[in-house]
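Asker: Starting off with a structure, shown below.
Throughout, read-outs are computed from the coordinates displayed, never taken from laboratory work. Values in this document were obtained by computation on a predicted structure and should not be read as measured data. Glycine gets a Cβ as well: all are built from the backbone with ideal geometry, and neighbour counts include every protein chain shown.
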2 protein chains.
Amino acid sequence: MTARAGIVVTGTEVLSGRVRDRNGPWLADRLDELGVELAYVTIVGDRPDDMETALRFMAERDIDLVLMSGGLGPTADDITAEVVGRFQARPMVLDEALAGRIEAIVRPLLTRRPNLDPEAIRVGTRKQATIPEGATVLEPVGTAPGLVVPPPGSGEAGGPTVVVLPGPPRELQPMWSAAVQADALREAIRNATVYEQRTLRLFGIPESEIAETLRVAEEEGVELGKLEVTTCLKRGEIEVVTRYEPDSAEVYEAFARVVAERHAGTLFSTDGSTVDEQVAGMLGEREWAIAVAESCTGGELAARLTGPAGASQYVAGGVVVYSNAAKVELAGVDRRLIEQHGAVSEQVARALAEGVRARMGADVGVGVTGVAGPGGGTEAKPVGLVWLSVAGPQGAALTRSVNLPGARADVRDRATTVALHLLRLLLADPAVRACPRSVGESDG
Amino acid sequence: MTARAGIVVTGTEVLSGRVRDRNGPWLADRLDELGVELAYVTIVGDRPDDMETALRFMAERDIDLVLMSGGLGPTADDITAEVVGRFQARPMVLDEALAGRIEAIVRPLLTRRPNLDPEAIRVGTRKQATIPEGATVLEPVGTAPGLVVPPPGSGEAGGPTVVVLPGPPRELQPMWSAAVQADALREAIRNATVYEQRTLRLFGIPESEIAETLRVAEEEGVELGKLEVTTCLKRGEIEVVTRYEPDSAEVYEAFARVVAERHAGTLFSTDGSTVDEQVAGMLGEREWAIAVAESCTGGELAARLTGPAGASQYVAGGVVVYSNAAKVELAGVDRRLIEQHGAVSEQVARALAEGVRARMGADVGVGVTGVAGPGGGTEAKPVGLVWLSVAGPQGAALTRSVNLPGARADVRDRATTVALHLLRLLLADPAVRACPRSVGESDG
């Protein structure tokens, strides 16, 4: 037995692609934690018929739990609560107490912004407090309450429980823990089985190699039928995600051994950690400070390094050196190197890494220079050519070039990933580890 | 009459949220250009039953055209072509000529990587060349061919045409123009109506204000029933997208006038342009160079400014100054300012903007310093407090603080957007425009 869920994301702005859906992926993780199988995600516009059709689709496929996001706002195109009420055959009723609580949230906004129309606010508040009879209210985080709406009648007749959550992720996410407590949700997922899930990550081989490894594993007697293996190529990395029932743990271990044997040089993560996390961990462990000098990636490497909380512990800073003048001024690159070899060259990448490391008193420096396109390519240095260099203490350095496919945004994104892998390789090298620079010398 | 389409995105990695779908939004725009209404996007895992269910769902709702992405690779979990063949009642046949063409694409890869197994490659190639009978082949961009698969039989019986495209966006996108030429696709969308679509963008008001404006417009006699208006809050901006049939253009103009009257101070775009595009345009027009000094945004502002092609024309560079030492060293901030007022302060934001402008010889400088969280907040300077400053020629400057809601990533993202708006305001100011610094003084 198992419990199956569907997600219905509402919003014409999401359907049309103008807004990226961040709730589907987040909710997918939460379902996974609960041991609920996610079968479908459907995105529909703000049209009642299409929403109802999506709900009916889920109900007809024996879905136990539907999670919906969006359409709980104060405007007239926010119709989710009403559609769900009709779908579950529950009349809409005004919850006066809830209206009062929403008003208390909205009041400070009115004081701060005297130009707002109080009547418009009141209409919106009462709309947000009108909910299907018998629904459990999830207290607002912003101004919109969430709802857990049971199937019609006592629920014996079947049909999914529908959970309605607000669209903004920072309202939806804190509301989830309350949703999970609701009786109607717990009842809907009573048959959940928690699967194990493990992730392997590889860098530097094509996806077809993993297909071959799966064939080899099967030949060697690994019962792949007990594992659900998915491989995908993502930012130049291959991610192998395996789900299995807890009693198939040994089958997974056998499979993971075959991958580790065949791909020793390219398998960089067996515990699901990302290269970002590994680099952050290694920098933290060494108490090293990092500085970066970027040309074609234009700040993306710095942004990725400073993304995690606590990055200020190991990021000294970075320079974005688009112009040659900036390369000289901010990263201390010798102007003659640029003249002799060009801005996109091994020599300049290395000078950027060493220069920014010295300039910012960091332990490790990274230099990236390349042709992101669409213009600026030549026969010798085509669009997609990127030189990268990582410089550590005592002259330790790794420098390489790559030819990256795709459009400008792809080249920038991929180059950032390659830089992180180069950094990981240098940080993982015990020879570099053996002679660390004293932390006292760094001001990062 | 109209033509309706659905999108089926396949891939367990997309369903589970591990990979973000970039194809749905891109295809949504293409359908819009063709005047085809997008009714549903459904994401399903790599399970044949779920894919077939999604196709059947679309067929039963009178969808004329289904676009599918993903699952065309060489591995065994890539099953889309086979599922679609069965759905359209077309047997799978090996296209020998296509197999040859794919082999010719793969061969150079084999030469460069001698460790690959040629037999594994051959099996994968033949799998990719086995296609539903009667399908139109879209030539591979990577190694995977796309397919346009007509409904069963002559097509008179109805049912949607299914277009199968590869998952990687850089393969899918170039293939689209060939897909649009295919007879089966043209036949499916013969009833398309091209709608007009216009976008307004506002910055600095809550969404409920737009709801009120819609009510006012209706009271003033604007026939809103002829317009499909969607509003959404995105990165702190409000986007108002309106679709209408060409003969309702005057209704739209009347609506746009009401918005412009009521929101003169916050409406910044009436032609759909983004703040990024407006800033890029204004910098280009003035032939000004920009430099940025970022603390809490950690490179995101530089990355956003350098995102568009041609950014090297106006971006001199940037510095990411996480540590106080870097603020002093790279942006020339007076150390005493930091000691007196703290790193997150009006004075330091201003010194960052002016310092980086002077240091890089730019015409305009931007400084951002704030508490992105989750740690580091105090009562006086809570998480979300960000000071921003823009400095232009002859002492022209705009400096302000904001209290941004949300988690670390949200604060960084929003602060970047606020910086761009501050920049836009300075660049739009005719007083600043009246006394430009000579371009010759810039080395950007």
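Asker: 7 Å along Cα→Cβ for the label point: how many nanometres lie between residue A:431 and each equivalent label in the other copies, listed shortest first?
Answerer: For residue A:431, the inter-copy label distances come out at 6.3 nm.
Asker: Sticking with this one: I'd like the distance between the alpha-carbon centres of the stretch B:142-209 and the stretch B:1-63, rounded to an integer number of Å.
Answerer: 10
Asker: Here's a follow-up. Among the lysines, select those whose C-alpha is under 28 Å from the C-alpha of residue B:226, and discard any that sit fewer than 8 residues away in the same chain.
Answerer: Partners found: A:127, B:234.
Asker: To the nearest 10 degrees, how steep is helix A:408-428 against the longest Cα principal axis of chain A, on a 0 to 90 scale?
Answerer: 70
Asker: State whether the stretch B:162-225 is rounded, prolate or oblate according to the following rule on the C-alpha gyration tensor (a ≥ b ≥ c being the square roots of its eigenvalues): a/c under 1.5 gives rounded; otherwise a/b larger than b/c gives prolate, and the remaining case gives oblate.
Answerer: Oblate shape, in that a/c is at least 1.5 and b/c is the bigger or equal ratio.
Asker: Counting only DSSP beta bridges with both residues in the stretch B:275-441, tell me the antiparallel percent, nearest 5.
Answerer: Of all bridge pairs located within the stretch B:275-441, approximately 55 percent are antiparallel.
Asker: To continue, here is another question. Find every distance from the label point of residue A:108 to the corresponding label point in the other copies (7 Å from Cα along Cα→Cβ) and write them in nm, one decimal, shortest first.
Answerer: Reported distances to equivalent positions: 6.1 nm.
Asker: How shielded is A:73-86 by partner chains, expressed as the average number of their Cβ atoms within 10 Å of its Cβ atoms?
Answerer: 3
Asker: Suppose the Debye formula is applied to equal point scatterers at every Cα of chain A; what is log10 I(q)/I(0) at q = 0.07, 0.11 Å⁻¹?
Answerer: Per q value, in the given order, log10 I(q)/I(0) is -0.51, -1.01.
Asker: Rounded to the nearest 5, what % of the DSSP beta bridges within the protein assembly as shown are antiparallel ones?
Answerer: 60
Asker: So how tilted is helix A:346-359 from the main axis of chain A? Cα-based, degrees 0 to 90, rounded to 10.
Answerer: Once rounded, the angle reads 80 degrees.
Asker: Hey, what D do you get for the stretch A:196-269 in µm²/s if you plug the Kirkwood alpha-carbon radius into Stokes-Einstein at 4 °C and 1.567 mPa s?
Answerer: The calculation lands on 106 µm²/s.
Asker: Using only atoms on other chains, find how many Cβ atoms lie within 10 Å of each Cβ of peptide B:203-212 and report the average. Intermediate values should be presented prior to the final figure.
Answerer: Working: counts 0, 0, 3, 8, 5, 13, 6, 1, 12, 9.
Rounded to a whole number, the mean comes out at 6.
Asker: So, one more: Of all the Cα-Cα pairs you can form in the protein assembly as shown, what percent are over 47 Å apart?
Answerer: Distances greater than 47 Å cover 26 percent of the Cα pairs.
Asker: I would also like to ask the following. If you take every DSSP beta bridge whose two residues both sit in the stretch B:3-188, what share of them, in percent to the nearest 5, is antiparallel?
Answerer: 35
Asker: Using Cα pairs under 8 angstrom and six or more residues apart, how large is the relative contact order of the stretch B:275-441, in percent?
Answerer: Averaging sequence separation for qualifying contacts and normalising by length gives 23 percent for the stretch B:275-441.
Asker: Let me ask something additional. Need one value for B:328-340: mean number of C-beta atoms belonging to other chains within 10 Å of its residues' C-beta atoms.
Answerer: Mean inter-chain Cβ contacts per residue within 10 Å come to 1.
Asker: Between residue A:223 and the same site in the other copies, what are the distances in nm, shortest first, taking label points 7 Å from Cα along the C-beta direction?
Answerer: Between copies, matching label points for residue A:223 lie 6.9 nm apart.
Asker: Something else now. Normalised by the number of residues in chain A, what is the relative contact order in percent for Cα pairs under 8 Å and 6+ residues apart? Please list the in-between numbers first.
Answerer: Values: 844 pairs, mean separation 47.0, N = 444.
In percent, rounded to a whole number, it is 11.
Asker: Another question about this same structure. Relative to the longest principal axis of chain A, what angle (0 to 90°, nearest 10) does the C-alpha long axis of helix A:249-262 take?
Answerer: It is inclined by approximately 30 degrees.
Asker: Most fluctuating residue of B:93, B:44, B:279 in a GNM of chain B with Cα springs under 10 Å: which is it?
Answerer: Between B:93, B:44, B:279, it is B:93 that shows the largest mean-square fluctuation.
Asker: Let me ask something else about it. Taking the rotation that carries B onto A, look along its axis and tell me which residue of B has the beta carbon nearest to it, distance in whole angstrom.
Answerer: Value returned for chain B: B:299, 2.
Asker: Using Cα positions and a limit of under 22 Å, work out the lysines in reach of residue A:327, with same-chain residues fewer than 8 apart set aside.
Answerer: Candidates past the 8-residue exclusion: A:381, B:327.
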